[in-house]
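Okay, structure first, notes after.
The values are calculated or read from the model by the stated rules, or taken from the named source; none is laboratory data. These figures come from a predicted structure and were not determined experimentally. Cβ sites come from the backbone with ideal geometry, for glycine too, and all protein chains shown count toward neighbours. Ligands, DNA and RNA are excluded from the accessible area calculation, which covers all protein heavy atoms including side chains. Shrake-Rupley method; radii C 1.70, N 1.55, O 1.52, S 1.80 Å.
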Amino acid sequence: MMDSPHSASLSMEELHEAWPVLSIDERLEGFRLLPSSVADDFFLGLSAREQAELILHLPVSERRTWVRLLPPDDLADLVQALEPEQAEALLSQLDDASRREVNVLLAYAEDDAGGLMNPRFARVRPDMTIDEAIGYLRKQAREKVETVYYAYALDAEQRLQGVLSLRQLFQAASDKKVADVMQHDVITVSENTDQEVVSQLFTEHGFMALPVLDEQNRMKGIVTVDDIVDVVQEEATEDIQKVGGMEALEAPYFEVGFFGMLKKRIGWLLVLFLGQMLTATAMSSFEGAIERAVVLSLFVPLIISSGGNSGSQASTLIIRALALGEMRLKDWWRVARREVLSGLVLGIVLGAVGLGRIMVWQSVSGAYGDHAFLLGCAVALSVVGVVTFGTLAGSMLPLVLRRFGFDPASASAPFVATLVDVSGVVIYFSVASLLLRGTLL
């Protein structure tokens, strides 16, 4: 718990460091202790959920000040973090123009460019002189535009004609027209472009902002790089949680209730548990072989873990490559060939190590009897087969899910491991039956 300091102020760094472990009352107390010169920056740096929580615990008379500090896109995020009644009360504290802007943004899907964009951007007309454009931009910056990375040239119908950076603007001769200086070939996104596609465009081109257009080529707003940083973090967090074998959390760990957390985790665990039952079923099919050669059961964990680990590796690599746009669905054959070859080489290396370990232990203790070499060969060949199959399955499953419109991250490592466990048992005992027939079996 944060001590109640008697000093008149608290540094932003101190509060930011302690923030995750503070209760809401302690957060409010610390926020009030911030110097007024840094309180705005601290508030703007909070997540939408944290801003909403803080505002709801402020007196009604103070809420308007902080709500009006936020640009429309951040306000829309904040409103989405509130209950409907709370959101309505908060929107009522905005002026009519700001309320209309926020309502327009709320009409878009949260994960689309329209839901991310800021409708306030720097605009000029193509027929303006450079001096006129600079004066007009100064006026906009004083009145409402908070982010000025580029100036967008629009015609009378608000259709995008071109773009120019501030550098281009200030370097140009004062009597030149904006149309003479601006770049006409502009990379844009539509209102319904998914946020992952938007983030890839930022990564590929290094932009500070991207214009958002409607179907009539009218400019509706801009998505800025700071919005995309949040998107990338959210997407990465969601993918990591799915790869871990659970549903993605919609809030920080400690803000998810106990039963809410159980609900997120139990679904996949049940699926994986039922999947593992198939492993027991597969082993029961080879019950006779196990009874005749109990030593075979000693290597079951080794076999299935090798396949599960290789499959998990491949699945993780492909999921990340898909997320970064490093491959497309039509590359599946190249991926399959590459992963089969990788699986064979990896399996041969692991199988050789397994055979060597069995022979060394046999020479030391004689634990595996007269047919230790055949047993070692069965284990080694099984490892080659299981690792190759696991690598192929782990690489193909994300591509199959993407092909049918599902999130590739759902091909989580635990799911791949369960699939390979069942197949590993079948491969292992099939190979053992062939090699050891007439000896141990």
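Descriptive notes on the structure:
- Listed peptides 302-312, 363-373, 317-327 by packing density, highest first (mean Cβ within 10 Å): 302-312, 317-327, 363-373
- Percent carbon-and-sulfur accessible area, segment 1-133, ignoring ligands, DNA and RNA, probe 1.4 Å: 50 percent
- In degrees, nearest ten, helix 24-33 long axis to first principal axis of the chain (Cα): 40 degrees
- The amide H of Gln183, built 1.01 Å from its N in the peptide plane, has Val163, Leu164 as neighbours under 5 Å, considering only residues 5 or more places off or on other chains.
- For the chain, the solvent-accessible area with a 1.4 angstrom probe is 54 square angstrom per residue.
- The sum of -39500 (n - 2.57) across all DSSP H runs of n ≥ 4, divided by the residue count of the chain, sets its helix-only mean residue ellipticity at 222 nm to -20000 deg cm²/dmol.
- Accessible surface of segment 164-230, 1.4 Å probe: 46 percent of it comes from carbon and sulfur atoms.
- Taking 0.36 nm per residue of separation and subtracting the Cα-Cα distance, full extension of the segment from Leu278 to Val197 would add 25.3 nm.
- Couplings for segment 37-47, taken from phi via the Karplus curve 6.51 cos²θ - 1.76 cosθ + 1.60 with θ = phi - 60°, read 5, 10, 4, 4, 5, 5, 4, 5, x, 6, 6 Hz in order; Gly and Pro are left as x.
- More than 38 Å apart - percent of Cα-Cα pairs taken over the chain: 46 percent
- Here each label is just a point 7 Å from Cα along the line to Cβ, and for Glu85 and Asp41 those points are 3.9 nm apart.
- The residue list Phe202, Ala372, Met117 was ranked by how far each Cα lies along the charge dipole of the chain toward its positive end, using unit charges on Cβ atoms, and Ala372 comes out on top.
- Charge-dipole axis of the chain as Lys and Arg at +1 and Asp and Glu at -1 on Cβ define it, positive-most pick from Gln216, Trp333, Val349: Val349
- Between the amide H of Val124 and those of Tyr152, Ala153, Leu154, distances stay under 5 Å, these residues lying 5 or more places away or on another chain, with hydrogens modeled in the peptide plane.
- Of Lys139/Lys176; Lys139/Lys177; Lys144/Lys220; Lys144/Lys176, those spanning more than 24 Å from alpha-carbon to alpha-carbon: Lys144/Lys176
- Distance in nm between pseudo-label sites at Val148 and Ser92 (7 Å out along the Cβ direction from Cα): 3.7 nm
- Test item: Cα-centred dipole of the chain, Lys/Arg +1 and Asp/Glu -1 on Cβ, debye: 1840 debye
- Gain upon complete extension [Trp361, Glu110; 0.36 nm per residue less C-alpha separation]: 84.4 nm
- Short-range pairs are left out: with C-alpha atoms under 8 Å and at least six residues apart, the relative contact order of the chain is 12 percent.
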